[in-house]
Every structure is written in C-alpha cells, then in structure tokens.
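What follows is a single structure, written as structure tokens, with notes after it.
The values are calculated or read from the model by the stated rules, or taken from the named source; none is laboratory data. Fair warning: this is a prediction, and the values are worked out from it, not measured in the lab. Don't worry about glycine lacking a Cβ; one is built from the backbone with ideal geometry, like all the others, and counts go over all protein chains shown.
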Amino acid sequence: MSISDMLITSAYFGRARWRWRLNRQRLRDFQNTKAQQLIPWVAQHSAFYRQHWQGHDLRDWRNLPTVDKRLMMANFREFNTLQVPAAAAFDLAQQAEQERDFVPRLGDLTVGLSSGTSGHRGLFLLSPAEQLLWVGTILARTLHHIKPTKIAFFLRANSNLYQQLGGRLIQFRYFDLTQALEPQLEMLNTYQPTIIVAPPALLLQLLAAAQNGALTHRPERMISVADALASDEQAQLSRFFGIPIEQIYQATEGLLAISCAHGSLHIQEDLVALDFEDLGQGRVTPYVTDLWRRTQPIIRYRLNDVLRLSSQACSCGSSFTVIEQIEGRRDDICYFTAYGQRQAMFPDSLRRAILLAHPAILEYQIIQPADDQLQITLTVANATDPTLISTAVEQQIQRQLAEYGCSAYHLSINFAAIDYGTLNKRRRVIRQ
Ligand SMILES: [Zn+2]
C-alpha cells in the first residue's frame, strides 16, 4: 500500500471510529445526507436506476422502487456506473478462483464473486477508493484495541481486498479452505494467531481438533464469516474456547453487520441504511441501501435473508441496531395448513425441533417439496438405534407443528451421511 493510500485508509479508520458513537437521531441524519448526495449521482450515471426510478421523487429515497439480485444480474452492465459487462467480470473472477491467482482486476477495479449457493452467485465491483474505505472501516470495527494482532483468515479464495489488510501492526495470513485441514492445524499452532476468521463449518472443525488435541493454540478471538452461524453452534464454540464468537455479515450487497467488543452483531448503519419488511412472528427481511458505493450502486436492494432484530440497546453503548439472529433464507420458509390457512414456519423453528430431539444427531437436512410435507435426512452417531431417533424427531416435529395448529402433514425420515463441507453454505432447511 502506498503512503497516500495508507493516509486515506487511516482517515476512513478514524472517521468510522467517530461515527460508531453517533446517537439514533444523528445516525438517521447522517444516512439521509449521504443518500441525498448519492442518489441523484446514481440517477445520472447508472442507466438502469435512471429508468427504474422514472416518475419518482428522488428525495423520498426510502420509498424508491426496490431491486433484487435477479434484476441486478440481468441488467449488470447498465446497473454499474462504469458499464462493465457481467460476462467479462464473471469470467475474470471465476478464472482467478480456479487458478488461485487472487488479483483479479478489470482495469483498476477489484472483481469478486460472492459465495452464494451455486447458481446464485453475485458479482461485485469495487473501485480503488471503495477498497480503501472498506479496509479502513472493517479494521475500525473489528480491531477493538490497537495492538499487534495476527489474523488467520480461512477463505475459499483470497482477494485483493483481503491482501490490503496486512500492515506492520497487523499481520495477516491466508489459509486456503480448499486445502486439507491437518497441515493447516500445524500452521495455526506455530503461527499462533490472535484472531481466527473462518466460516462456521471450519470453526466447528477447529473445535473438534481442539478437543482431540490436534489444535493446541487458543486464539483470543474467533470471527464467523461467509455463512450463518446457528445459535447452538455459537454456544458450543463459545463454551469450549471461553470467548464470545463474533460475526461479520457481509454480502455482494455490502458490509451489513459486525459484532462489537461485547459480542452483539450490530448493523453497520453508517455504511448501509436498512429498511425492513415484516414477515410476522418477529422476523423481518431487509432492503439494503449502501450509502457509499458508486461503482455498483446498491439502492433499495431486497435481500433473501430472514433476520430477528433485538429490541434491546447493547451494553457497549453503540446505538447501532443489533441483529439477534440471522435465520436463513426467505426462500426456505416452509408452509403448513392450520385452521384452513397457510401458515409460515421459519427455518429456525424446524432446526430447533431437530436439535431438541436427540443428542446423537450429528447433521441433518430438512426438505419441504410442497406445503404440509417434510423430508428429513439425519446423520447420527454410530451405535444409536435409528427407530429411537426417528420417534424422537417425529415427536418434536409434531409438538412444533401442534403449536402452530397444524395437524395434517406428511413426514418422512431417512438416514444418510451428510457432509456440507467447508466451502458451501450449509442449507439445512430447503423449500423446493
Ligand atoms: Zn455492542
């Protein structure tokens, strides 16, 4: 990183620290000021948005028509403000991933693919200025104390973006998720990172390695990325390592939320303005407006995620809203009939039913092929009686559904070895 880039990054770092203390009103004002500057500019430079917003008052930005991944990908060239065609960006990102050459650039743009489920991968473009903003801000929000820090980062693919994180005070080592774990455990034991950043599936592998003695190093902090961390997994990891398990919730659509020093997952409301659609039963789905990005503007973009928000203020003192739980995808909400009506069952409720059923269940997948039907696949520990487990799962599901008033449904249970791997998002509940 050049001296001038370093100065710019430090300035972003300082300002992000300062904004972390904004109260609700000033945060709201800040969002509004940023949006009022951004939106007319986007209308001028993105042919897609200009067309999409025709006849709307741009000052009333929280009510502009929404967009989603399908619209973005179908109109990628007109959507971004540099007219980069999707095919060129996609080929470059994919080629870089295959060749493990992690410097995919299109001119001076960084190109990346999000780790979405196959077929739904999103593209992102970042200008050099946007990269510096990202680096400065993510460091400000994740490094709670300024001290020498070694970070071990487990990722599917390294990126320009992450390579910029390194510096004199902060050492950064990339661990390749596509490689075997054993030699990497050795490296962790000798490198002794302060912070381990990895997808939850890998954190669980590290837990198993720590329990059997292959991993002797104990990091000061662990941060879960790239996939939703289930509450039971979080509790399990936290109990063993004696630290809160933090999260970074980031997507093609932006840097959405980061855990604070007290372990609460705060929406980064000075980076993204989120509006919510109420799904009932305390769940919401977010619409994202990224207040900073201009190369690929993300404005009123509908995410597919189901969130539960906290109504409590965090003890850290920040007024940024806290996410209680990221519950999965909106597409995976299951439906049952109760009292002649179609009733939504959130993935988390089904997951809880399975977890409560029997401790010998190691992994599972729940598929809903149609309303009122569930196909459950279980992976269980050796030497457990399948009939016993089937009965326990049936009882739990029945109890859960009875709470919703559903009595007529079809349930099938079978046993097989499920291994999601560490590279993929673990979709444990799927609505087909
Ligand atoms: Zn907090």
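Observations on the model:
- Looking only at region 53-78, and only at residues there that are surrounded by fewer than 13 Cβ atoms within 10 Å (Cβ to Cβ) and among the polar types (S, T, N, Q), the one that is nearest to Leu303 (Cα to Cα): Asn63
- Considering region 178-195, and only residues there that are over 10 Å from His217 (Cβ atoms) and among the polar types (S, T, N, Q), the residue that is surrounded by the fewest Cβ atoms within 10 Å (Cβ to Cβ) turns out to be Gln179.
- Some residue of region 203-218 being surrounded by 15 or more Cβ atoms within 10 Å (Cβ to Cβ), not in a helix (DSSP H, G or I) and not hydrophobic (A, V, I, L, M, F, W, C): yes
For every residue, the table says whether it meets (1) surrounded by 18 or more Cβ atoms within 10 Å (Cβ to Cβ); (2) over 15 Å from the mean Cα position of the chain (by Cα); (3) without any contact (Cβ under 8 Å) to a residue 40 or more places away in the chain.
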residue: Gly254; (1), (2), (3): yes, no, no
residue: Ala257; (1), (2), (3): yes, no, no
residue: Cys260; (1), (2), (3): yes, yes, no
residue: His266; (1), (2), (3): yes, no, no
residue: Asp270; (1), (2), (3): yes, yes, no
residue: Asp275; (1), (2), (3): no, yes, no
residue: Gly280; (1), (2), (3): no, yes, no
residue: Val288; (1), (2), (3): yes, no, yes
residue: Ile299; (1), (2), (3): yes, yes, no
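- Selection status of Ser407, out of contact with any Leu (no Cβ under 6 Å at 6 or more places or on another chain), among the polar types (S, T, N, Q) and at pLDDT 95 or above: no
- Within region 256-281, the set of residues being within 16 Å of the ligand (Cβ to nearest atom) and either in contact with a His (Cβ under 7 Å, 6 or more places away or on another chain) or not in a loop (DSSP other than H, G, I, E, B) (or both) comprises Leu256, Ala257, Ile258, Ser259, Cys260, Ala261, Leu265, His266, Ile267.
- Each residue in region 314-344 was checked for being closer than 30 Å to Gln205 by Cβ, more than 16 Å from the ligand (Cβ to nearest atom) and part of a strand (DSSP E or B), and 5 of them qualify.
- Restricting attention to region 19-35, the residues that are exposed (fewer than 13 other Cβ atoms within 10 Å of the Cβ) and part of a loop (DSSP other than H, G, I, E, B) total 2.
- Counted residues, region 204-238 - those being free of Cβ contacts under 8 Å to residues at least 40 places away in the same chain and among the charged types (D, E, K, R): 4
- Residues in region 359-390 that are at pLDDT 95 or above, in a loop (DSSP other than H, G, I, E, B) and of a type in the set (A, V, I, L, M): 1 in all.
- The condition (being crowded, with 19+ Cβ neighbours inside 10 Å, closer than 28 Å to Leu106 by Cβ and of a type in the set (Gly, Ala, Ser)) is satisfied by just one residue among Ala16, Ala86, Ala47: Ala16.
- Residue that is nearest to Arg121 (Cα to Cα), among those in region 237-255 that are part of a loop (DSSP other than H, G, I, E, B) and more than 14 Å from the ligand (Cβ to nearest atom): Thr252
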